[in-house]
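> Handing you this structure, nothing more for now.
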Amino acid sequence: MTVITLQHVSKTFTQDVEGAARPVVAVDDVSLKIASGDVLAILGPSGCGKSTLLRLVAGLEKPDHGAVLYDNVDLREIEPFQRGIGMVFQEGALMPHWEAEKSVGFFMWLRKREHEVPARVQRISQITGVGLEKLMERMPRQLSGGERQRVAIARALTRDPRVFLFDEPFSSLDAKLRAQARVELKRLLQEFPVTSIYVTHDQQEAITLSTKIAIMRAGQIEQVGTYHYLYDNPINLFVATFMGVPTINLFEGVVHGHVWQGELFGGYPVRGDLADGTRVIVGLRPEALQLSTDDADFPGRVESVTPYFAEKHLLLEVRNGGDVWRMHAPLTATLKPGDVIRARFEADALHFFDAETGVRIG
Ligand SMILES: Nc1ncnc2c1ncn2[C@@H]1O[C@H](COP(=O)(O)OP(=O)(O)OP(=O)(O)O)[C@@H](O)[C@H]1O
Ligand SMILES: [Mg+2]
């Protein structure tokens with residue numbers, strides 16, 4: 001299997017803004033290593049450079065600086081035909097005038113190995129539980145969105161790729177179909193382990209499919225790690241607020257005598273080198289907050305109550321002055337907007353961030 005390495009890769013585009021050519025840095029000095037057989041998910045906001053990064057790895061774009069290596073060989077030295085890339089985009093990009101079977105088998109036909117295709121398709125059908133054989137004689141317009149994406153994945157897998165690249169392949173499917181498709185793909189990736197990069201907006205998709213997640217912002221990779229690692233050890237506010245649904249709660253406060261003090265609660269020791277008056281933001285995950293009956297715990301007024309039946313809890317939105325936070329409550333709690341509640345948490349659930357730079361400081 002293939003190791004993918006990115007060494008200081010940058011890509012700038014020129015865009016026409018009101019008649020003037022302006023440079024747009026899409027990928028900014030990215031270095032990454034994806035171990036053999038790993039699936040790296042790339043998560044990040046719209047426009048941060050995810051698709052460009054993927055296209056650079058595919059060799060569809062050339063880096064202005066730096067290099068992409070497959071098994072330590074520069075992609076520029078590997079003939080396009082030898083790269084062995086399977087790629088699936090948001091829209092499956094099947095040939096519109098070819099029946100699915102021809103799209104799936106084309107690459108193998110070029111290599112005079114088309115006789116291997118039916119067995120491969122059958123194997124993929126077996127693993128996913130989707131009867132692909134029935135879809136093979138149809139034209140793309142006769143396939144639903146979900147079917148088209150499955151055919152596109154089958155086509156990529158039939159090529160025996162060294163590297164599998166996905167750009168939001170299920171983003172146009174509805175939530176239920178998306179959940180089903182990602183489980184099928186997970187099974188395929190377990191059966192046919194291929195070093196993969198998976199670009200998505202969807203955290204759940206990243207968690208299900210990937211071995212590691214890279215968080216991208218403004219052309220740069222902010223942090224790479226497993227979901228749990230990023231969730232518990234975000235390096236900055238951006239990663240902390242990106243990981244976790246609903247979003248982490250933030251409380252503003254100030255350091256005095258090496259102790260953090262906020263509006264509603266405080267008294268927590270912070271790093272010794274922080275001067276008095278340093279503004280520090282505390283992050284506290286909604287699931288780390290619980291209802292309390294102790295008068296010593298901090299109060300708030302309930303603004304909204306949303307039941308999550310499957311997860312067996314209520315999600316409360318609570319306000320006190322300028323502070324607004326979300327927290328869990330038992331499904332059985334009889335709460336309504338306007339009720340006053342108290343909240344508690346364990347001190348080790350607190351994350352501290354420098355308010356100026358967003359960098360995590362404890
Ligand atoms: N061919 C191009 N020419 C000019 N600018 C481009 C080109 N491709 C991408 N860009 C710009 O580069 C930046 C990154 O784009 P990219 O498509 O990689 O983002 P993305 O993270 O995939 O976004 P999305 O989540 O919306 O798909 C954007 O500002 C985009 O406008
Ligand atoms: Mg994109």
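The values are calculated or read from the model by the stated rules, or taken from the named source; none is laboratory data. Values in this document were obtained by computation on a predicted structure and should not be read as measured data. All Cβ positions, even for glycine, are placed from backbone atoms using ideal geometry, and neighbour counts span all protein chains on display.
> Quick one: what pairs do we get from the range 43-56, first residue among the small types (Gly, Ala, Ser), second within 6 Å of ligand 1 (Cβ to nearest atom) and modelled with pLDDT of 95 or more, C-beta under 7 Å, 6+ apart or different chains?
The qualifying pairs are 44/50; 49/26.
> What number of residues within the range 21-41 are touching a Phe, Trp or Tyr at 6+ places or on another chain (Cβ under 7 Å) and within 15 Å of ligand 2 (Cβ to nearest atom)?
3
> Name every residue in the range 140-197 that is under 23 Å from residue 49 (Cβ atoms) and surrounded by fewer than 20 Cβ atoms within 10 Å (Cβ to Cβ), in order of residue number.
Correct list: 168, 171, 172.
> On to the next question. Taking the range 156-215 on its own, how many of its residues are aliphatic (A, V, I, L, M) and in contact with a Ser or Thr (Cβ under 6 Å, 6 or more places away or on another chain)? Don't jump to the end; show me each part of the working.
Applying the first criterion (aliphatic (A, V, I, L, M)) to the range 156-215 yields 156-157, 163, 165, 173, 175, 177, 179, 181, 183, 185, 188-189, 194, 197, 199, 206-207, 209, 213-215.
From the residues that got through so far, the ones that are in contact with a Ser or Thr (Cβ under 6 Å, 6 or more places away or on another chain) too are 163, 206.
The qualifying residues number 2.
Results for (1) within 11 Å of ligand 1 (Cβ to nearest atom); (2) assigned to a loop (DSSP other than H, G, I, E, B); (3) surrounded by fewer than 20 Cβ atoms within 10 Å (Cβ to Cβ), shown as yes or no for each residue.
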{"residue": "22", "(1), (2), (3)": "yes, no, yes"}
{"residue": "27", "(1), (2), (3)": "yes, no, no"}
{"residue": "32", "(1), (2), (3)": "no, no, yes"}
{"residue": "91", "(1), (2), (3)": "no, yes, yes"}
{"residue": "98", "(1), (2), (3)": "no, yes, yes"}
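Listed here are the residues, each with its yes/no results for (1) at pLDDT 95 or above; (2) over 30 Å from residue 166 (Cβ atoms); (3) crowded, with 21+ Cβ neighbours inside 10 Å.
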| site | (1), (2), (3) |
| --- | --- |
| 199 | yes, no, yes |
| 214 | yes, no, yes |
| 234 | yes, no, yes |
| 238 | yes, no, no |
| 273 | no, yes, no |
| 279 | yes, yes, no |
| 292 | yes, yes, no |
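> How many residues does the range 278-309 contain that are among the hydroxyl-bearing types (Ser, Thr, Tyr), out of contact with any Leu (no Cβ under 9 Å at 6 or more places or on another chain) and part of a strand (DSSP E or B)? It would help to see each step written out before you state the result.
In the first step, residues of the range 278-309 are kept if they are among the hydroxyl-bearing types (Ser, Thr, Tyr); the result is 278, 292-293, 304, 306, 308.
If we keep only those that are out of contact with any Leu (no Cβ under 9 Å at 6 or more places or on another chain) too, we end up with 278, 292-293.
Narrowing further to those that are part of a strand (DSSP E or B): 292.
Of the residues in the range 278-309, 1 are among the hydroxyl-bearing types (Ser, Thr, Tyr), out of contact with any Leu (no Cβ under 9 Å at 6 or more places or on another chain) and part of a strand (DSSP E or B).
> Okay, moving on. Restricting to the range 70-92, and then to whatever is within 16 Å of ligand 2 (Cβ to nearest atom) and more than 18 Å from residue 194 (Cα to Cα), can you tell me which residue is nearest to the chain's Cα centre (by Cα)?
Taking the range 70-92 and keeping what is within 16 Å of ligand 2 (Cβ to nearest atom), we get 87-92.
Of the ones still in play, those that are also more than 18 Å from residue 194 (Cα to Cα) are 90-92.
Working: 90: 15, 91: 19, 92: 20 Å.
Result: 90.
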